[in-house]
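Student: Would you mind keeping the following structure in view while I ask a few things?
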């Protein structure tokens with residue numbers, strides 16, 4: 001069995017667009033007709049440029065190869081062009097293709113992917129969701145309203161979720177880490193207070209940031225949140241200096257979580273070795289693929305750290321996250337996004353049931369991508385999957401953070 005053909009499908013989720021401006025799926029076919037689906041979570045170049053990268057990685061390192069040779073293909077891609085270091089764009093391309101290889105292998109053996117990764121450790125995976133506006137909420141006012149966030153959190157808990165994530169402390173800026181405005185700290189505290197009062201001890205609070213703050217600013221914010229006992233303080237500083245995470249972890253009595261923008265065991269091992277994080281959040285369509293993150297999970301065990309796969313993408317990466325989650329002993333929780341488009345693209349093959357995701361039982365990833373539906377929603381924009389603003393933190397009028405991919409007008 002050899003890898004033969006590649007097709008790339010770029011689709012844009014309809015309004016309000018939770019999960020990013022576009023998703024990049026790859027369809028790989030072997031010489032004996034088995035197809036595998038993967039997803040490339042890479043946003044540093046536009047989708048047309050990324051398609052060229054995916055095609056190059058496939059042709060250069062994978063075409064004609066046995067899909068079983070995951071390690072060999074990874075080393076080729078990781079070492080390409082005399083690099084042998086984490087490369088976000090190349091690893092984003094390889095990750096989606098690698099996921100497709102696992103889908104092929106599972107289908108060839110008529111077993112779910114988790115069965116090929118050591119078997120089932122977790123018959124069901126604890127899920128969490130980001131807080132999104134309810135139908136009765138003003139979508140623009142939602143992001144600075146602790147009251148609306150508390151209502152959304154109560155709704156999630158009523159549906160079985162035992163953890164909810166929110167990130168009111170903007171802005172998400174290209175300027176690197178900054179000190180939060182005092183109004184941002186007050187807003188963050190108000191969100192934690194309102195949500196904690198709404199859900200009590202029925203759910204964990206997951207406080208998100210997107211690397212907005214410098215080290216001192218992150219510590220100042222984190223210490224203000226401590227009375228509400230969040231389960232984690234997510235990516236409090238930019239990921240370009242992994243050694244600084246340890247300073248935050250030492251100063252704040254909330255577990256530090258990070259990993260959405262990290263790739264390969266080289267980066268994850270660094271933050272573990274320095275004590276910078278106790279919760280790792282790999283995005284499998286970017287981080288190096290399923291096998292590389294299985295290795296990271298094993299390294300994390302040694303440091304008493306847990307895995308919490310990240311999702312701000314489409315349902316194929318989500319499926320890969322779930323198979324990894326089922327197979328590892330140090331799973332904490334996995335992110336999910338519940339929209340009609342996510343569900344319809346995979347025919348509801350994987351779903352959240354009372355706050356948990358049952359281990360998939362069908363061969364491969366256990367999903368079939370609706371290619372017709374995906375093609376019916378082409379991406380025609382100019383932005384990247386996620387965007388960062390150029391304007392600095394507003395210390396006068398306050399900041400409103402609606403996520404890296406602002407909602408589309410309905």
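The values are calculated or read from the model by the stated rules, or taken from the named source; none is laboratory data. On a predicted model such as this, the values are computed, not experimentally measured, just so you know. Neighbour counts are summed over all protein chains in view; Cβ atoms, including those assigned to glycine, are modelled from backbone coordinates with ideal geometry.
Student: Inside the range 10-25, can you point out the residues that are assigned to a loop (DSSP other than H, G, I, E, B) and either touching a strand residue (DSSP E or B) at 6+ places or on another chain (Cβ under 9 Å) or modelled with pLDDT of 95 or more (or both)?
Tutor: 12, 13, 18, 22
Student: A further question follows. Taking the range 346-372, which residues are free of Cβ contacts under 8 Å to residues at least 40 places away in the same chain and farther than 20 Å from residue 114 by Cβ?
Tutor: 370, 372
Student: Moving to a separate point now. Would you point out which residue out of 382, 335, 368 is modelled with pLDDT of 95 or more, over 29 Å from residue 204 (Cα atoms) and outside any helix (DSSP H, G or I)?
Tutor: Exactly one residue qualifies, and that residue is 368.
Student: Of the numbered conditions (1) farther than 21 Å from residue 207 by Cβ; (2) part of a helix (DSSP H, G or I), residue 285 fails exactly one; give the number of that condition.
Tutor: Failing condition for residue 285: (2).
Student: Select from the range 261-281 the residues that are surrounded by 24 or more Cβ atoms within 10 Å (Cβ to Cβ) and more than 12 Å from residue 86 (Cβ to Cβ) and list them in ascending order.
Tutor: 271, 277, 280, 281
Student: Also, I was wondering about something else. What is the number of the single condition among (1) assigned to a helix (DSSP H, G or I); (2) surrounded by fewer than 24 Cβ atoms within 10 Å (Cβ to Cβ); (3) touching a residue at least 40 places away in the same chain (Cβ under 8 Å) that residue 184 does not meet?
Tutor: Every condition holds for residue 184 apart from (2).
Student: Another question, if that's okay. Which residue out of 152, 100, 141 is at pLDDT below 95 and either crowded, with 19+ Cβ neighbours inside 10 Å or within 16 Å of residue 16 (Cα to Cα) (or both)?
Tutor: 141
Student: For residue 333, state whether it is touching a residue at least 24 places away in the same chain (Cβ under 8 Å), out of contact with any helix residue (DSSP H, G or I) (no Cβ under 8 Å at 6 or more places or on another chain), surrounded by 17 or more Cβ atoms within 10 Å (Cβ to Cβ) and within 24 Å of residue 232 (Cβ to Cβ).
Tutor: Yes, satisfied.
Student: Also: Any idea which of (1) in contact with a strand residue (DSSP E or B) (Cβ under 6 Å, 6 or more places away or on another chain); (2) surrounded by fewer than 18 Cβ atoms within 10 Å (Cβ to Cβ); (3) over 20 Å from residue 161 (Cα atoms) is the one residue 390 doesn't satisfy?
Tutor: (1)
Student: Would you please name the residue that is farthest from residue 2 (Cα to Cα), looking only at residues in the range 69-81 that are in contact (Cβ under 8 Å) with a residue 40 or more places away in the chain and surrounded by 14 or more Cβ atoms within 10 Å (Cβ to Cβ)?
Tutor: Looking at the filtered set, the residue picked out is 78.
Student: From the residues in the range 120-134 that are under 17 Å from residue 338 (Cβ atoms) and touching a helix residue (DSSP H, G or I) at 6+ places or on another chain (Cβ under 8 Å), which one is surrounded by the fewest Cβ atoms within 10 Å (Cβ to Cβ)?
Tutor: Top of the filtered list is 134.
Student: Oh, and also: Going by the structure shown, is residue 244 more than 19 Å from residue 306 (Cα to Cα), part of a helix (DSSP H, G or I) and touching a helix residue (DSSP H, G or I) at 6+ places or on another chain (Cβ under 6 Å)?
Tutor: yes
Student: Go over the candidates 179, 137 one by one and state the one that is touching a helix residue (DSSP H, G or I) at 6+ places or on another chain (Cβ under 8 Å) and more than 18 Å from residue 399 (Cα to Cα).
Tutor: Of 179, 137, the one residue that is touching a helix residue (DSSP H, G or I) at 6+ places or on another chain (Cβ under 8 Å) and more than 18 Å from residue 399 (Cα to Cα) is 137.
Student: Moving on to the next point. Do you know which of the residues in the range 210-235 that are under 19 Å from residue 268 (Cβ atoms) and out of contact with any strand residue (DSSP E or B) (no Cβ under 6 Å at 6 or more places or on another chain) is modelled with the lowest pLDDT?
Tutor: Taking the candidates together, the pick is 210.
Student: Surrounded by 15 or more Cβ atoms within 10 Å (Cβ to Cβ), free of Cβ contacts under 8 Å to residues at least 60 places away in the same chain and not in a strand (DSSP E or B): which single residue out of 323, 377, 310, 342 fits that description?
Tutor: Result: 310 is the single residue among 323, 377, 310, 342 that is surrounded by 15 or more Cβ atoms within 10 Å (Cβ to Cβ), free of Cβ contacts under 8 Å to residues at least 60 places away in the same chain and not in a strand (DSSP E or B).
Student: Taking the condition of being touching a helix residue (DSSP H, G or I) at 6+ places or on another chain (Cβ under 7 Å) and either more than 18 Å from residue 99 (Cα to Cα) or in a loop (DSSP other than H, G, I, E, B) (or both), how many residues in the range 256-282 meet it?
Tutor: Residues in the range 256-282 being touching a helix residue (DSSP H, G or I) at 6+ places or on another chain (Cβ under 7 Å) and either more than 18 Å from residue 99 (Cα to Cα) or in a loop (DSSP other than H, G, I, E, B) (or both): 17 in total.
Student: Condition (residue is in contact with a strand residue (DSSP E or B) (Cβ under 8 Å, 6 or more places away or on another chain) and free of Cβ contacts under 8 Å to residues at least 40 places away in the same chain) applied to the range 102-119: is it met by at least one residue?
Tutor: No, that holds for no residue.
Student: Could you say which residue among 45, 57, 28 is in contact (Cβ under 8 Å) with a residue 12 or more places away in the chain, part of a strand (DSSP E or B) and either more than 24 Å from residue 344 (Cα to Cα) or touching a helix residue (DSSP H, G or I) at 6+ places or on another chain (Cβ under 7 Å) (or both)?
Tutor: 28
Student: Just for the range 298-307: of the residues that are touching a helix residue (DSSP H, G or I) at 6+ places or on another chain (Cβ under 7 Å) and in a helix (DSSP H, G or I), which one is surrounded by the fewest Cβ atoms within 10 Å (Cβ to Cβ)?
Tutor: Looking at residues that are touching a helix residue (DSSP H, G or I) at 6+ places or on another chain (Cβ under 7 Å) and in a helix (DSSP H, G or I), I get 299.
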